[in-house]
Every structure is written in C-alpha cells, then in structure tokens.
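> Can you read through this structure? Questions will come right after.
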Amino acid sequence: MARHFAILCAVLALTVTAALSQPDGRDAYDAALGRFKAVLNARRAQIEAHAALPHLPGQAVYLARNDMISAYKDLTDAQPSRIGRPNKFGIPPAYFDADNEPLLDAYAALFAVMQAPPPGAQNSDTPFKDVADLGTAIARAEGLDAANAEVAGRISLGIFFAETNGHQNIGNARSNSYKGSFQTGADEDRNGQRKWEAIRPAIAAFDPALVARDAREEARAGTLDRRFNHWTAVRDGLMNAHAGLFRQIPAIAKALPNPIDQMKFFELIQIIPSPTKAALNSGNLAGYTISEPRIMGFLRNNSVFTFGRADRARTSANFRDILVAMWLFNDKFERALSAFKEIRTRQKQ
C-alpha cells in the first residue's frame, strides 16, 4: 500500500508540474508571437510613412521572427499535441504554426522593401540563367567534365537563392558589409575579380560568347560597385569562395548524393568556410564534428541550431546534423532546383 501511495504521489507531482509548465510555455509563445506582430506592424508603419528607419532595420524583425519560432518549438517540445499541419514554407511543424503563414509573408514583403536594390543597380533579364551559365563555365575551366560542370551550375543557382531568395542586386537590412546578388563584402568582391581575370582566358577558349557577355557587362558597369551589377556580382562571388572547390564536386557528390545537400554544403562555405573545407578533406564529411563555440555561434547566426532551447543548448554537431538542421534553406533550394530544370529544359527545345 505504501509503495502504491508513493507511486501515486509521484504521478500526481509530475502531472502538477506539467500543468504548471504548460501555461508558462503558452505564455512565452504568446508573448513572442505578440512581439513579432508588433515589430512587423511598427516597421511597416515606418515604411508607409516614409519615416527614417533605424540602423540595420531588418535585425529587430529577424530576431523577433526567430524568437517566435523558438518559443513555438519550446511549446511543442513540452506539448507535442500542439504540433499542427504542414505549412507552405516547408518549416517542420514542430517549429511553426501554419496559421501564422501570413506573418512570414509580411516578413518577406518588409525585407523586399528594406533590401531593395540601390538606384543605379544593373539588373539582368536572365538572372537565373546567368548564375547557372557562370557556375558551369567556371567549373569547366577548373577541369570538370560536362556532367560535373552541370552540377556546379545547379549548385551556383542554389547559393544565389540561399543568399538572396532569388532576388538580384539586393542590399542587406542586417549588415552594412554584405551586398548584391551573392551578398559579398567589398574585399571579397575584389578578390573574386582578381581570380576571374586569371581564369578568363581559359573560359574564352571554349566559351567566347560568355566572355563577350562579360566584356559587355564590364563596360556597362563602368565605375559602379561590381556587387550591384548582377552578372559581375555573381561572377566575383563564385570566384571568391567557390571556384576552387568546384574541382572536388565529384567527391562531394559521392559523399552527398542529394542535390539539396550539395547546395547546403556550398552554402556552408559561405557561413563557416574553414570547418567546411576541413570536413571535406577529412574523408568523413558527414561525420566530421564541430564543437568550437565560435563556429556554433556562426551557425546560429545563420538560422542553424537557432530555434528552441534544445537546439540552442547544443555544444557540438557533425555535418549530417548540420545539414538536417538547415531546414530553413529547403524551400529556397527547392525553388533553385526547379529554376535550374526550367533553364535546361528551355535550352534543349
């Protein structure tokens, strides 16, 4: 009897604890959701009133969105029954309530305004094709065969979507440093220009039309910051960070046969370049583990292991874990894949 009574007391204690913790979870989520709505409304009102925006106007909006997603994940961790239906953004339902899809639409609309290209930015009529063509040509110049160069073109388009959501010549509402179609810094762009000049003759030998297009874009850009001519921004961004790795695409594709995982790997070159290269060179890409707090911080600042207490508490992760945790990029990469297939279908017609 005493044993049964002790068990009953323990069960009651757990029930009471859960009952007490659930309102706290709901309150925290409701508060985070309210803050996100308030920030969206305040920023929209400022824009509509043509009022001066604060320094880095997207940062507060971005952080409020992250807090909302984090609070919902904490709530569903405590109450799995709160996990609802799938959402159109492909966000795991444990992290996002599909009823709030309009809020993320409003979020994207605000960023489209806050990150609008500057006056004088030079768009392309074929922005997606430009990215694919440049990536493919650079890969061929790096020695890849036609099939692997095609993979490089596809990956390049994925990077473009990851960095800009498929918009050319954008600014950056969260940074004063990174701009344009590949979100590069000024030094990175100059480094890419230098590398392009070195590889340009090799490309001219097999694709003179592409080099002629490059010459026209250079003349068009004149004294413009090359990051705000779509063609030169993509060209320099690829040459700065990715061209040197194109030669290893066969090994990357063998380790990561999923095209979206390949895109994620190259996006990680943007976020944590040194550890990503070390993982590739380790011979066990997926199993390579990161535990340095500074690197984990870079990941969290780019929406990886950012949402919810459990994710934020992680002190280490292997690359397979990291790729899985990059779910916020999935929708962008799916759209990049679709755009790439459409480009190649048109070329075959």
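The values are calculated or read from the model by the stated rules, or taken from the named source; none is laboratory data. Just so it is clear, the model here is predicted, and its values are computed rather than measured. Glycine gets a Cβ as well: all are built from the backbone with ideal geometry, and neighbour counts include every protein chain shown. For accessibility, only protein heavy atoms count, side chains too; no ligands or nucleic acids. Shrake-Rupley method; radii C 1.70, N 1.55, O 1.52, S 1.80 Å.
> Two-decimal Rg/Rh of the chain from alpha-carbon positions, Kirkwood Rh?
Rg/Rh for the chain comes to 1.05.
> Over segment 190-349, what relative contact order in percent results from Cα pairs under 8 Å that are six or more residues apart?
Across segment 190-349, relative contact order equals 17 percent.
> Looking at segment 213-349 from every direction and averaging, what is the projected area of its Cα convex hull in nm²?
In nm², the orientation-averaged hull projection of segment 213-349 is 10.4.
> Show me 262-270, 124-132 ranked by packing, highest mean number of other Cβ atoms within 10 Å first.
Top of the packing list down: 262-270, 124-132.
> Further question on the same structure: Given an 8 Å cut-off on Cα distances and at least 6 residues of separation, report the relative contact order of segment 63-199 as a percent. Provide the component values of the computation, followed by the final result.
On the way: 129 pairs, mean separation 22.7, N = 137.
Relative contact order, segment 63-199: 17 percent.
> Can you list the residues, at least 5 places off or on another chain, whose amide H is less than 5 Å from the amide H of residue 318, using H built in the peptide plane?
For residue 318, whose amide H was placed from the backbone, the distant partners under 5 Å are 290.
> Taking the alpha-carbon centroid of each part, what is the distance from segment 79-127 to segment 133-152 in angstrom?
Answer, in whole Å: 32.
> Next question. Which order do 338, 156 take by accessible area at a 1.4 Å probe, largest first?
Largest to smallest exposure gives the sequence 338, 156.
> Could you order peptides 291-301, 134-144, 30-40 by the average number of other Cβ atoms within 10 Å of their residues, highest first?
134-144, 30-40, 291-301
> Still on this structure, I have one more. Net charge near residue 277: determine it from the other residues with C-beta under 14 Å of the C-beta of residue 277, scoring Lys and Arg +1 and Asp and Glu -1.
Here the charged neighbours net out to 0.
> Per the 1.4 Å probe, what fraction of the accessible area of the chain, in percent, lies on carbon and sulfur atoms?
Ligands and nucleic acids excluded, carbon and sulfur give 56 percent.
> For the chain, take the longest principal axis of its alpha carbons; what is the angle in degrees between that and the long axis of helix 259-271, to the nearest 10 within 0 to 90?
Roughly 90 degrees, rounded to the nearest 10.
> Which number gives the lysine pairs in segment 239-349 that have C-alpha atoms under 18 Å apart and are eight or more places apart or on different chains?
Going through segment 239-349 pair by pair, I get 5.
> With contacts defined as alpha carbon pairs under 8 Å and 6 or more residues apart, what's the relative contact order of the chain in percent? Before the final figure, lay out the partial values.
Numbers: 435 pairs, mean separation 61.5, N = 349.
It rounds to 18 percent for the chain.
> Just the number please: accessible area per residue for the chain, 1.4 Å probe, all protein chains included, in Å².
47 Å²
> Okay, moving on. Please give the net charge around residue 41, taking every other residue with its beta carbon less than 15 angstrom from that of residue 41, where Lys and Arg add +1 and Asp and Glu add -1.
Result for the local shell: +3.
> Mind telling me which of 148, 229, 176 comes out most flexible in a GNM of the chain, alpha-carbon contacts under 10 Å?
Maximum among the listed residues: 176.
> Could you tell me what a quarter of the Cα convex hull surface of segment 153-253 works out to, in nm² with one decimal place?
Reported value for the Cα convex hull: 6.8 nm².
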